[in-house]
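The values are calculated or read from the model by the stated rules, or taken from the named source; none is laboratory data. What you are looking at is a predicted structure, and each value in this text was computed from that prediction instead of being measured. Here the Cβ positions follow ideal geometry from the backbone for every residue, glycine too, while neighbour counts run over all protein chains shown.
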Amino acid sequence: MNHKIVIAHRGASGYLPEHTLEAKAMAYAMNADFLEQDLVLSKDNIPMVIHDIYLDDVTDVAKKYPTRKRNDNRFYVIDFTFDELKTLQVTERFDPKTGNQFYKNRFPIWKGNFKLHSLQEEIELIQGLNNSTGKNIGIYPEIKEPEFHKKEGKNLTEIVLKTLADFGYKTKKDNCILQCFDTKELKRIRVELQSELFLVLLTEFDQDVKNLVEIASFADGIGPYYKQILSEKVDGKFTFTSLVTDAHKLNLKVHPYTFRADALDEFSSFEEMMQTLLINANIDGCFTDFPDLVINFLKENQH
Ligand code: CA
């Protein structure tokens with residue numbers, strides 16, 4: 001893994017509703033290096049590909065199953081069987097309180113016919129396409145909220161590792177990167193569960209990442225929020241924290257999230273964001289909702 005990698009964040013989610021098979025097929029056709037899967041268990045222990053433990057901001061669950069919400073007024077993936085989840089219509093992300101679409105210029109809300117799917121269904125799509133196209137595009141699964149799953153009496157991690165192994169993803173050579181925000185759980189995956197997969201620790205903005213030596217003892221890379229890499233702007237140019245160089249000294253790859261052409265924040269253009277982080281800060285890859293744009297940029301700017 002020597003070139004900079006493009007990870008399709010929830011698929012080509014800038015163009016189609018996130019984590020649908022359609023968004024994955026589009027990202028695949030764009031030649032992203034990896035497609036991302038966020039994983040949450042169903043009531044009957046099927047790993048589902050969905051960003052949150054909740055259903056009500058990307059599906060019509062509130063309309064189809066109005067009585068199935070918890071006391072906090074949220075609908076949980078874990079309260080529904082696989083067959084029930086399959087009845088839901090998936091749509092572009094929205095605010096369940098107002099009904100308003102989150103990213104205004106993306107795929108129109110409630111249009112089309114999209115469904116949730118399992119990890120197995122997505123791997124079958126990707127491996128099938130690898131077969132029919134001759135490409136070798138990887139998977140980048142994330143264990144979501146292991147503590148929540150444990151409190152619900154479920155062990156997401158073991159179930160996911162078994163599914164991955166069943167489909168041939170066992171070692172660093174198998175084109176699979178496993179990610180998690182939970183330091184304890186990722187360490188458990190390496191030390192107790194003896195996984196030989198390529199492991200990436202995701203980090204929150206306010207998280208202390210000074211313990212990189214400890215992280216490097218069980219992980220192969222880190223997935224920071226991109227702002228953790230940026231320092232102040234001097235003469236119109238961004239300077240950087242020592243995170244990337246410190247990580248590289250420990251042989252840790254750095255794959256920050258999330259590159260969005262329609263949510264630029266401190267950058268004046270997507271081009272500036274890509275130049276600043278991919279080239280100037282020398283990260284090793286990135287999570288993006290717009291894989292085609294990053295792939296084109298790297299084609300022109302990487303030798
Ligand atoms: Ca994720």
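Odds and ends about this structure:
- Within region 231-259, tally of residues that are in contact with a helix residue (DSSP H, G or I) (Cβ under 8 Å, 6 or more places away or on another chain) and surrounded by 12 or more Cβ atoms within 10 Å (Cβ to Cβ): 14
- For region 140-172, the candidate set comprises residues that are in contact (Cβ under 8 Å) with a residue 60 or more places away in the chain and part of a loop (DSSP other than H, G, I, E, B); within that set, the residue that is nearest to Arg10 (Cα to Cα) is Lys144.
- Sole exception among (1) surrounded by 13 or more Cβ atoms within 10 Å (Cβ to Cβ); (2) closer than 22 Å to Asn301 by Cβ; (3) more than 19 Å from the chain's Cα centre (by Cα) for Ala216, by number: (2)
- Residue, nearest to the ligand (Cβ to nearest atom), within region 214-240, restricted to residues that are β-branched (Val, Ile, Thr) and at pLDDT 95 or above: Ile222
- Residues that are within 14 Å of the ligand (Cβ to nearest atom) and either among the acidic types (Asp, Glu) or in a strand (DSSP E or B) (or both), drawn from region 28-55: Phe34, Leu35, Glu36, Gln37, Asp38, Leu39, Val40, Pro47, Met48, Val49, Asp52
- Under the condition of being more than 19 Å from Glu22 (Cα to Cα) and either within 16 Å of the ligand (Cβ to nearest atom) or part of a helix (DSSP H, G or I) (or both), the residues counted in region 56-81 number 10.
- Cβ-Cβ distances below 6 Å connect no pair with a first residue in region 186-199 that is closer than 17 Å to Lys253 by Cα and touching a residue at least 60 places away in the same chain (Cβ under 8 Å), a second residue that is hydroxyl-bearing (Ser, Thr, Tyr) and exposed (fewer than 12 other Cβ atoms within 10 Å of the Cβ), and a separation of six or more residues or different chains.
- The listed residue being surrounded by 13 or more Cβ atoms within 10 Å (Cβ to Cβ) and within 16 Å of the ligand (Cβ to nearest atom), out of Thr157, Thr163: Thr157
- Restricted to region 166-192, and to residues there that are under 22 Å from Gln127 (Cα atoms) and among the polar types (S, T, N, Q), the residue that is surrounded by the most Cβ atoms within 10 Å (Cβ to Cβ) is Gln179.
- Check on Ser195, surrounded by fewer than 17 Cβ atoms within 10 Å (Cβ to Cβ) and either away from the ligand (no atom under 16 Å from the Cβ) or aromatic (Phe, Trp, Tyr) (or both): no
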